[in-house]
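As structure tokens, the structure follows; a few thoughts come after it.
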Amino acid sequence: MAQAIALTIAGSDSGGGAGIQADLKTFSALGAYGASVITAITAQNTRAVTAIAPVAAQMVADQIDAVFDDLPVNAVKIGMIGGPDVIATVAGRLRHHLARAETKGRTVPVVLDPVMIAKSGDALLPQPAIAALVDELFPLATLLTPNLPEAATLLGASPAEAVSAMQEQGEALRAKGVAHVLMKGGHAEGAICTDLLVGADPRQFTSPRQYTRNTHGTGCTLSSAITAGLAQGLALPDAVARAHGWLQEAIRAADRLEVGTGHGPVHHFHALWPVPETGLRAAE
């Protein structure tokens, strides 16, 4: 059986907790082969994003072409993507390669994570790029995975505070051209965290809220976990269910890592690394 191949198109996080680094860790942890297209380079750690350098649109196009011309990509995840020029480039190259795959009888699902704000609060998507994101990439997306503030920004609304409002906003986003929406409830209040899949086969996924500051990269990690499942042939609701449960375990194990002094990452390899008998002492 051929190895499932997942492609991430996203920015690089020098701290390793989000972006390309989180995506590739997630693909590996879940048994998918990861390929990558870097759209931006960030100087970032667990406390802040201190600099962002976009990758030239032509270089982004060249990376996409290089991957698709050689690797039979089974699913694509799109994360931090930069300005309107890069968005248009990504959309154009994906339309070309997804159409080529269809001529060979292959459908390549696309998971779009509308990365707008880092855990530190730093803006990652310029305001002029939001319209381009909707116009160019929504029609290509099998699944959109906004958190509640992102969904509100895309709709020009206030963040949903109840499941009924999450449903309404999910349907409003679908009306903009995306096939399915996973409304992520991590930013809501309450002891229960609810993710809501809105689309042809609606589902609700709930789990007890876990209280830890180490949640850097949760959005990137969830969307890439779903992408890994789709690449491996899981139906969308099953891919979301597996990813939701796996991420909860990664958050539960996050404090074992002791990485950084701000919002540390989740533990992508919680199921693979042994539990340490003693903690590591910080360098003095």
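The values are calculated or read from the model by the stated rules, or taken from the named source; none is laboratory data. Note that the structure is a prediction, hence the values are computed from the model and not measured. Note: ideal-geometry Cβ built from the backbone for every residue, glycine included; neighbour counts use all protein chains shown.
Considering the conditions (1) modelled with pLDDT under 95; (2) basic (K, R); (3) touching a helix residue (DSSP H, G or I) at 6+ places or on another chain (Cβ under 8 Å), R242 is excluded by exactly one of them, (1).
Does D195 qualify as being in contact (Cβ under 8 Å) with a residue 12 or more places away in the chain, crowded, with 18+ Cβ neighbours inside 10 Å and not hydrophobic (A, V, I, L, M, F, W, C)?
Spelling it out, D195 is indeed in contact (Cβ under 8 Å) with a residue 12 or more places away in the chain, crowded, with 18+ Cβ neighbours inside 10 Å and not hydrophobic (A, V, I, L, M, F, W, C).
Conditions (1) under 23 Å from G185 (Cβ atoms); (2) at pLDDT below 95, marked per residue:
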site: V60; (1), (2): no, no
site: G83; (1), (2): no, yes
site: L98; (1), (2): no, no
site: G105; (1), (2): no, no
site: A118; (1), (2): yes, yes
site: I130; (1), (2): yes, yes
site: E150; (1), (2): yes, yes
site: T153; (1), (2): yes, yes
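Taken over the stretch 217-253, the residue count meeting the criterion of being at positive phi and surrounded by 24 or more Cβ atoms within 10 Å (Cβ to Cβ) is 1. Restricting the stretch 83-96 to residues that are in a helix (DSSP H, G or I) and surrounded by fewer than 18 Cβ atoms within 10 Å (Cβ to Cβ), the residue that is farthest from the chain's Cα centre (by Cα) is H96. When every residue of the stretch 31-43 is checked against the conditions, at least one turns out to be under 26 Å from N74 (Cα atoms) and polar (S, T, N, Q). Being more than 22 Å from M116 (Cα to Cα) and either modelled with pLDDT of 90 or more or part of a strand (DSSP E or B) (or both) is a description that applies to H270. Inclusion of Q167 among residues that are over 15 Å from the mean Cα position of the chain (by Cα), touching a residue at least 24 places away in the same chain (Cβ under 8 Å) and in a loop (DSSP other than H, G, I, E, B) is not warranted. Just to be sure I understand the filter: pairs with C-beta atoms under 9 Å, separated by 6 or more residues or on different chains, first member in the stretch 20-46 and under 17 Å from E249 (Cβ atoms) and polar (S, T, N, Q), second member surrounded by fewer than 20 Cβ atoms within 10 Å (Cβ to Cβ) and at pLDDT 95 or above. Which pairs pass? Short answer, once both residue conditions are applied: S28/F269. Of these, A57, A43, which one is under 21 Å from L133 (Cβ atoms), among the aliphatic types (A, V, I, L, M) and over 17 Å from the mean Cα position of the chain (by Cα)? Selected residue: A57, the only one of A57, A43 that is under 21 Å from L133 (Cβ atoms), among the aliphatic types (A, V, I, L, M) and over 17 Å from the mean Cα position of the chain (by Cα).
Go through the stretch 246-259 and give me each residue that's assigned to a helix (DSSP H, G or I), touching a residue at least 40 places away in the same chain (Cβ under 8 Å) and of a type outside the set (S, T, N, Q). Matches in the stretch 246-259: W246, I251, R252, A254, D255.
Scanning the stretch 158-194 for residues that are among the basic types (K, R) and in contact with a His (Cβ under 9 Å, 6 or more places away or on another chain) yields one hit, R174.
Filtering the stretch 220-254 to residues that are of a type outside the set (A, V, I, L, M, F, W, C), under 12 Å from the mean Cα position of the chain (by Cα) and within 10 Å of L30 (Cβ to Cβ) leaves S224, T227.
Scanning the stretch 1-58 for residues that are among the aliphatic types (A, V, I, L, M) and part of a loop (DSSP other than H, G, I, E, B) turns up M1, A2, A4, A18, L30, A32, A48, V55, A56.
With the requirement that a residue be of a type in the set (G, A, S), at negative phi and out of contact with any Cys (no Cβ under 8 Å at 6 or more places or on another chain), what does the stretch 173-212 give you? Scanning the stretch 173-212 gives A175, A179, A188, A191, A200.
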